[in-house]
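I have placed the structure first, in the form of structure tokens, so that the comments after it can refer back to it.
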Amino acid sequence: MTAKIIAFGGYDKRKPRVRLLIEALRRQGGLAEEIHVSAWEDVPQTNIPSRMALVKVLAKLVFGYPRALWRLFRSPKGAALLLPYPGIIEILLVGPIARLMGRDVVLDAFLPIYDTIVVDRALVNADGLIAKLIWRFERSALEQADVILVDTDSHGDYFSREFGLRRARFETVLVGAEEHFAPDAAQDKAEDILGPQDDERPIVLFYGQLIPLHGVPTIIEAAKLSQGKSARWVMIGRGQLEPVMRETIGSESGSAIEWIEWVDYERLPAVIARADICLGVFSASDKAARVIPNKLFQQLAVGKPVITRESPAVDTLAREFPATLRTVPADDPNALAEAVEHALADRGGMAALPQASLRKLSPDAGAARLLVRLDPGS
């Protein structure tokens, strides 16, 4: 009999990772129930919410948890408890309760807290007390889980090494892409976003949060190097590095980039479909080397070639699909500009992934392994 899982807590349903993980478990016949406490809907979509936003989230959790726990006590016995992202905030409370009920706890770690705040974005002093407290909190939270989900093997290696946890406790579930990211997205011409289609200049597209992880300065410099070579470098997103973007747009070289601050999520597939080349992440940080960003799966699903930084997380895919996924050294705008130029000159040599290959990049395989792990006799 297939192991059953209850998705529990104040998880953020706006995150594709959350929706895709839950749907993969549902498709595998392993999702028994969702017990969701609505808490994140009014918080701006950022990986690091403000303190006031966190206070509001915690208040909603406090008021919503009694009813959620009551439903949990009445739910199917023996079903494991899944805390989707950002369940790490809740696990110190939920973990002991689940153990009293004899339930396994599965935590989707997804984005490491310490690495994001202290190392990648350098928002606090790495040698300070706050950084040490964040590290201790994250380690204590991870220890509460029986199984820890990660989006790449490289992230599992990182968590195991950084926090001294057994590597065997981790299970990789790829992020994948939602169904509306598909080749037929081209039916929506996105002319109101990217202009009329009779503009035949090729489009080099980046979208995502303007954060260090994505290597925004590298992309900006590569666009400047490519200025005058006819391609349109379109960047979509907001975030921490907006001042850098505004400064660039206001400079003499600002015409190298078209900046669009926001596109509705439902329209993204159409925007991707208009692009000739899509861009991934380019930061030289350790974190960037461990991720396969959600947008990479989305771009491949729409049928577009992608250029991203070389890394242990993505190199296996790049070797398997060299006509679709090309890599360049991290933090190297010259290499990126050259790779884009070569890709645009050789557009016939870059092809969309076959549907069979796309299925291999879905979260379903990881979800199936998780269910077998929770119920080895199934």
query: How many of the residues making up region 108-132 are polar (S, T, N, Q) and farther than 20 Å from H155 by Cβ?
result: 1
Any chance L100 is in contact with a Ser or Thr (Cβ under 8 Å, 6 or more places away or on another chain), surrounded by fewer than 17 Cβ atoms within 10 Å (Cβ to Cβ), more than 13 Å from L374 (Cβ to Cβ) and assigned by TED's automatic domain parsing to the domain that holds A53: no
field: Entirely in region 272-378, the helices (runs of 4 or more DSSP H) that have 2 or more residues that are in contact (Cβ under 8 Å) with a residue 40 or more places away in the chain
entry: 286-290, 294-302, 312-320, 333-345, 364-374
task: Report yes if R161 is over 30 Å from L353 (Cα atoms) and surrounded by fewer than 17 Cβ atoms within 10 Å (Cβ to Cβ), otherwise no.
output: yes
message: For region 225-240, which positions are crowded, with 20+ Cβ neighbours inside 10 Å and either in contact with a Ser or Thr (Cβ under 7 Å, 6 or more places away or on another chain) or under 13 Å from S253 (Cα atoms) (or both)?
response: S226, W233
field: Filter result for A351 (under 22 Å from F297 (Cβ atoms) and surrounded by 20 or more Cβ atoms within 10 Å (Cβ to Cβ))
entry: no
Matching residues in region 271-286 - criterion: being crowded, with 24+ Cβ neighbours inside 10 Å and either in the same structural domain as T152 (by TED's automatic domain parsing) or touching a His at 6+ places or on another chain (Cβ under 9 Å) (or both): L279, G280, V281, F282
- prompt: Can you tell me how many residues in region 7-44 are more than 22 Å from L93 (Cα to Cα), small (G, A, S) and not in a loop (DSSP other than H, G, I, E, B)?
  reply: 1
statement: Scanning region 287-339 residue by residue, the ones that are of a type in the set (S, T, Y) and surrounded by fewer than 20 Cβ atoms within 10 Å (Cβ to Cβ) total 1
message: Every residue in region 116-140 that is within 19 Å of L92 (Cα to Cα) and under 22 Å from the mean Cα position of the chain (by Cα), please.
response: I134, W135, E138, R139
- prompt: Got a sec? Which of R309, R326, R369, R319 is in the same structural domain as T172 (by TED's automatic domain parsing) and either on the phi > 0 side of the Ramachandran plot or of a type in the set (K, R) (or both)?
  reply: R369
field: Residue in region 244-262 that is touching a strand residue (DSSP E or B) at 6+ places or on another chain (Cβ under 9 Å), in contact (Cβ under 8 Å) with a residue 60 or more places away in the chain and either outside the structural domain of L344 (by TED's automatic domain parsing) or not in a loop (DSSP other than H, G, I, E, B) (or both) present
entry: yes
task: Looking only at region 180-224, count how many residues are part of a helix (DSSP H, G or I), buried (at least 17 other Cβ atoms within 10 Å of the Cβ) and more than 16 Å from the chain's Cα centre (by Cα).
output: 12
- line: If we keep only residues of region 60-76 that are in a loop (DSSP other than H, G, I, E, B) and touching a residue at least 12 places away in the same chain (Cβ under 8 Å), then the residue surrounded by the most Cβ atoms within 10 Å (Cβ to Cβ) is S75
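The values are calculated or read from the model by the stated rules, or taken from the named source; none is laboratory data. Here the structure is a predicted model, which is why all the values come from computation and not from measurement. Quick reminder, even Gly has a Cβ in these numbers, built from the backbone with ideal geometry, and neighbours come from all protein chains shown.
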